[in-house]
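Undergrad: Structure in structure tokens, see below.
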Amino acid sequence: MPPATSPARRLRDAIEPIAMVYVHSQEAREQYEALGLRRFEGYVLGRAGALGLPPASLVVASFGAFEPDMLTGTYEAALATASVPDVLAAKLAGATRCLHRVFGEPARDVEEVVTVLRGGLDRAPVLGKPLFAGHAALEWPGDAWARLWHATNLLREFRGDAHIAALVSHGVGMLESNLLTEARIGMAGRDYTRTRSWSEEAIEAATADLLDRMLITRDGDRIRLTERGAALRDDVEEATEAALDPVVEGMEHGLERVVERCTRWSRELRDAGAFPDDDEKLQAG
């Protein structure tokens, strides 16, 4: 997979580990466990909770990539264990404590980055962006590191909503999207797709469908994009990034500074174990 070159993609890769510390860090895990939740349950209810108390079908539709029955069961189990306000508070606390552990007290450049990110987010349209809209309605935290995390999480949710819309408009289902991501990056096996709990039967059926549509080819234990598949996946990426044009424009001349500093912070978070030190994991999205 070629290195990211567009502004929107470089921004996405720069902020991904920061945004995801509420899932991968030890601090997040401890916060969820204190509520009786496993890490994945905390992740699911922490995201879905921004929508209030949605039915499981809405959670499945909004999240997209996960196997529906598994996601439904996880969401309902989490709801039976902890309240949405408590999980949202745990999500913020875990992310904030992680950033303080890794970086210490925030310097001036943290607020500078947050200011630029907020300038972009203020231009982000909420129409058709359910998870972004829900998270955007939450109060901005007072702590500087917490604001940086909140800004990156909002940006990630906006891009995620836009990406699902782009996939659907190009006739790509959620299971198929996982497989196309594996093929685009060059991952071995179906390991990425399996992390979303899809059954082997469903994976094989989707793989066969993509082969029939001449979007992928098999290469041992890997699948590869055909020329047609690469063009489709590039079109999806371009549509996703086009949705971020107002955000990038709202950042005016601060984009390069934000990308440079967030890339540095993200590298430190990976080194500290707060996000997987795995380039394929970083690129998968």
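The values are calculated or read from the model by the stated rules, or taken from the named source; none is laboratory data. Note that this is a predicted model, so its numbers are computed, not measured. As a convention, Cβ positions derive from the backbone with ideal geometry for all residues, glycine included, and neighbour counts pool all protein chains shown.
Undergrad: Mind checking which residues of the stretch 46-60 are part of a helix (DSSP H, G or I) and under 24 Å from LEU175 (Cβ atoms)? Walk me through it before giving the result.
TA: Residues of the stretch 46-60 part of a helix (DSSP H, G or I): 46-51, 56-60.
Of everything in the stretch 46-60, those that are part of a helix (DSSP H, G or I) and under 24 Å from LEU175 (Cβ atoms) turn out to be GLY46, ARG47, ALA48, LEU51, ALA56, SER57, LEU58, VAL59, VAL60.
Undergrad: Determine, yes or no, whether ALA107 is farther than 30 Å from ALA165 by Cα and either among the hydrophobic types (A, V, I, L, M, F, W, C) or in contact with an Asp or Glu (Cβ under 6 Å, 6 or more places away or on another chain) (or both). Quick ask: steps written out before the conclusion?
TA: Details: farther than 30 Å from ALA165 by Cα: yes; either among the hydrophobic types (A, V, I, L, M, F, W, C) or in contact with an Asp or Glu (Cβ under 6 Å, 6 or more places away or on another chain) (or both): yes.
In short, yes.
Undergrad: Just name the residue that is nearest to GLU256 (Cα to Cα) out of those in the stretch 17-40 that are of a type outside the set (A, V, I, L, M, F, W, C) and buried (at least 24 other Cβ atoms within 10 Å of the Cβ).
TA: Checking each candidate, the answer is PRO17.
Undergrad: From the list LEU99, LEU79, which one is more than 20 Å from the chain's Cα centre (by Cα), farther than 27 Å from GLU237 by Cα and at pLDDT 95 or above?
TA: Details: LEU99 fails: more than 20 Å from the chain's Cα centre (by Cα).
Step by step, each of LEU99, LEU79 is checked, and only LEU79 is more than 20 Å from the chain's Cα centre (by Cα), farther than 27 Å from GLU237 by Cα and at pLDDT 95 or above.
Undergrad: Sticking with this structure for a sec: Based on what the data block shows, is ALA77 closer than 26 Å to SER197 by Cβ, without any contact (Cβ under 8 Å) to a residue 12 or more places away in the chain and among the hydrophobic types (A, V, I, L, M, F, W, C)? Steps first, please.
TA: Working: closer than 26 Å to SER197 by Cβ: yes; without any contact (Cβ under 8 Å) to a residue 12 or more places away in the chain: no; among the hydrophobic types (A, V, I, L, M, F, W, C): yes.
The answer is no for ALA77.
Undergrad: Still on this structure: Of all residues being among the polar types (S, T, N, Q) and part of a helix (DSSP H, G or I) in the stretch 149-199, which is surrounded by the fewest Cβ atoms within 10 Å (Cβ to Cβ)? Just the residue, please. Let's see the steps before the verdict.
TA: Taking the stretch 149-199 as the starting set, the residues that turn out to be among the polar types (S, T, N, Q) are 152-153, 169, 177-178, 181, 193, 195, 197, 199.
Checking the rest, the ones that are also part of a helix (DSSP H, G or I) come to 152-153, 169, 177-178, 181, 193.
Values: THR152: 28, ASN153: 25, SER169: 11, SER177: 23, ASN178: 23, THR181: 19, THR193: 24.
So the residue we want is SER169.
Undergrad: Also, quick follow-up: When you scan the stretch 27-39, do you find a residue that is modelled with pLDDT of 95 or more, on the phi > 0 side of the Ramachandran plot and not basic (Lys, Arg), even just one?
TA: So far as the stretch 27-39 goes, yes, one or more of its residues are modelled with pLDDT of 95 or more, on the phi > 0 side of the Ramachandran plot and not basic (Lys, Arg).
Undergrad: Considering only the stretch 1-21, I want to know if a residue exists there that is among the hydroxyl-bearing types (Ser, Thr, Tyr), at pLDDT 95 or above and out of contact with any Cys (no Cβ under 6 Å at 6 or more places or on another chain). Show your work before the answer.
TA: Taking the stretch 1-21 and keeping what is among the hydroxyl-bearing types (Ser, Thr, Tyr), we get 5-6.
This time we only want the ones that are at pLDDT 95 or above, so: none.
Within the stretch 1-21, none of the residues are among the hydroxyl-bearing types (Ser, Thr, Tyr), at pLDDT 95 or above and out of contact with any Cys (no Cβ under 6 Å at 6 or more places or on another chain).
Undergrad: Which one of these is in contact with a Leu (Cβ under 8 Å, 6 or more places away or on another chain), part of a helix (DSSP H, G or I) and charged (D, E, K, R): ARG261, ARG228? Break it down stepwise before answering.
TA: Values: ARG261 fails: in contact with a Leu (Cβ under 8 Å, 6 or more places away or on another chain).
Result: ARG228 is the single residue among ARG261, ARG228 that is in contact with a Leu (Cβ under 8 Å, 6 or more places away or on another chain), part of a helix (DSSP H, G or I) and charged (D, E, K, R).
Yes/no matrix, rows are residues, columns are (1) modelled with pLDDT of 95 or more; (2) within 25 Å of LEU11 (Cα to Cα); (3) touching a Gly at 6+ places or on another chain (Cβ under 6 Å):
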site: TRP140; (1), (2), (3): yes, yes, no
site: VAL168; (1), (2), (3): yes, yes, no
site: GLY186; (1), (2), (3): no, yes, no
site: ARG213; (1), (2), (3): yes, no, no
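Undergrad: Right, another one. Show the residue pairs meeting these rules: Cβ distance below 9 Å; 6+ apart or different chains; first residue within the stretch 270-285 and touching a residue at least 24 places away in the same chain (Cβ under 8 Å) and closer than 19 Å to GLU27 by Cβ; second residue hydroxyl-bearing (Ser, Thr, Tyr) and crowded, with 17+ Cβ neighbours inside 10 Å.
TA: ALA272/SER25; GLY273/SER25; ALA274/SER25; PHE275/SER25; PHE275/SER266
Rundown of residues vs (1) closer than 30 Å to GLU249 by Cβ; (2) not in a helix (DSSP H, G or I), yes/no style:
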{"position": "GLY36", "(1), (2)": "no, yes"}
{"position": "VAL44", "(1), (2)": "no, no"}
{"position": "SER62", "(1), (2)": "yes, no"}
{"position": "ALA77", "(1), (2)": "no, no"}
{"position": "LYS91", "(1), (2)": "yes, no"}
{"position": "ARG97", "(1), (2)": "no, no"}
{"position": "VAL110", "(1), (2)": "yes, no"}
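Undergrad: What residue, of ALA107, ALA89, ALA78, ALA48, is within 30 Å of THR263 (Cα to Cα) and crowded, with 16+ Cβ neighbours inside 10 Å? Even if it seems obvious, please write down each step before you answer.
TA: Details: ALA107 fails: crowded, with 16+ Cβ neighbours inside 10 Å; ALA89 fails: crowded, with 16+ Cβ neighbours inside 10 Å; ALA78 fails: within 30 Å of THR263 (Cα to Cα).
Among ALA107, ALA89, ALA78, ALA48, only ALA48 is within 30 Å of THR263 (Cα to Cα) and crowded, with 16+ Cβ neighbours inside 10 Å.
Undergrad: Just to be sure before I move on: is THR181 within 15 Å of ALA19 (Cα to Cα) and either modelled with pLDDT under 95 or among the hydroxyl-bearing types (Ser, Thr, Tyr) (or both) in the structure I sent?
TA: Working: within 15 Å of ALA19 (Cα to Cα): no; either modelled with pLDDT under 95 or among the hydroxyl-bearing types (Ser, Thr, Tyr) (or both): yes.
No, not satisfied.
Undergrad: Is there a residue in the stretch 117-127 that is under 19 Å from GLY49 (Cα atoms), touching a Phe, Trp or Tyr at 6+ places or on another chain (Cβ under 9 Å) and at pLDDT 95 or above?
TA: There is at least one residue in the stretch 117-127 that is under 19 Å from GLY49 (Cα atoms), touching a Phe, Trp or Tyr at 6+ places or on another chain (Cβ under 9 Å) and at pLDDT 95 or above.
Undergrad: Can you pull out the residues in the stretch 121-148 that are under 25 Å from LEU99 (Cα atoms), assigned to a helix (DSSP H, G or I) and touching a residue at least 24 places away in the same chain (Cβ under 8 Å)?
TA: Within the stretch 121-148, the subset under 25 Å from LEU99 (Cα atoms) is 121-122, 131-148.
Restricting the remaining residues to those that are assigned to a helix (DSSP H, G or I) gives 121, 131-136, 144-148.
Answer for the stretch 121-148, where residues must be under 25 Å from LEU99 (Cα atoms), assigned to a helix (DSSP H, G or I) and touching a residue at least 24 places away in the same chain (Cβ under 8 Å): LEU121, LEU131, PHE132, GLY134, HIS135, ALA144, TRP145, ALA146, ARG147, LEU148.
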